[in-house]
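K.L.:
If you scroll down you'll find the structure; I have some questions about it.
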Amino acid sequence: MTGWEPIVVKPLIILRQIKTVETERDALLRPSEEGTPAPGAMLKTLKGIGAEFAGVLWLEGLFRSFSNRRQVAAYAGLAPTPWRSGSVAHEQGVSKTGNPRLRTTG
């Protein structure tokens, strides 16, 4: 025992775990054999959306059904935050409530 074993073994374990997660993500984004493309696979075909972004977008937010775009924005924490006092009205930016992983992805 030279003391180097933990330093070498931990990165190998982490790399194996990353490979497992990436394999599961790729399986989710793989087109189905039934002829109907999986939603994650359809997202991945859009220009500028890769495997990681499509996976997070599908798993964190778009698996739900929303009635309109405002509900999607509120769920993602990207809805505007208005402030009114008397005749003064301001926009304070986004609310930052909602799903933080979905909001910060991208």
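K.L.:
Under 8 Å for C-alpha pairs, at least 6 residues apart: give me the relative contact order for the chain, rounded to a whole percent.
P.N.:
Result for the chain is 18 percent.
K.L.:
Now for a separate question. Residues with amide H under 5 Å of Ala38's amide H, sequence separation 5 or more or different chain, H placed in the peptide plane at 1.01 Å from N; which?
P.N.:
Long-range HN contacts for Ala38: Ser32.
K.L.:
Could I get the Rg over Rh figure for region 1-63? Both from C-alpha atoms, Rh via Kirkwood, rounded to two places.
P.N.:
1.23
K.L.:
Under 29 Å from the Cα of Lys10, which lysines turn up, not counting those fewer than eight places away in the same chain?
P.N.:
Partners found: Lys19.
K.L.:
Compute the distribution of all C-alpha to C-alpha distances in the chain, in bins of 10 Å from 0, and list the percent of pairs in each, rounded to whole numbers.
P.N.:
With a bin width of 10 Å, the distribution comes to 13, 28, 26, 17, 11, 5, 1, 0.
Laboratory data are not the source of any read-out in this text; all were calculated from the coordinates shown. Being a predicted model, the structure only gives us computed values, none of them experimental.
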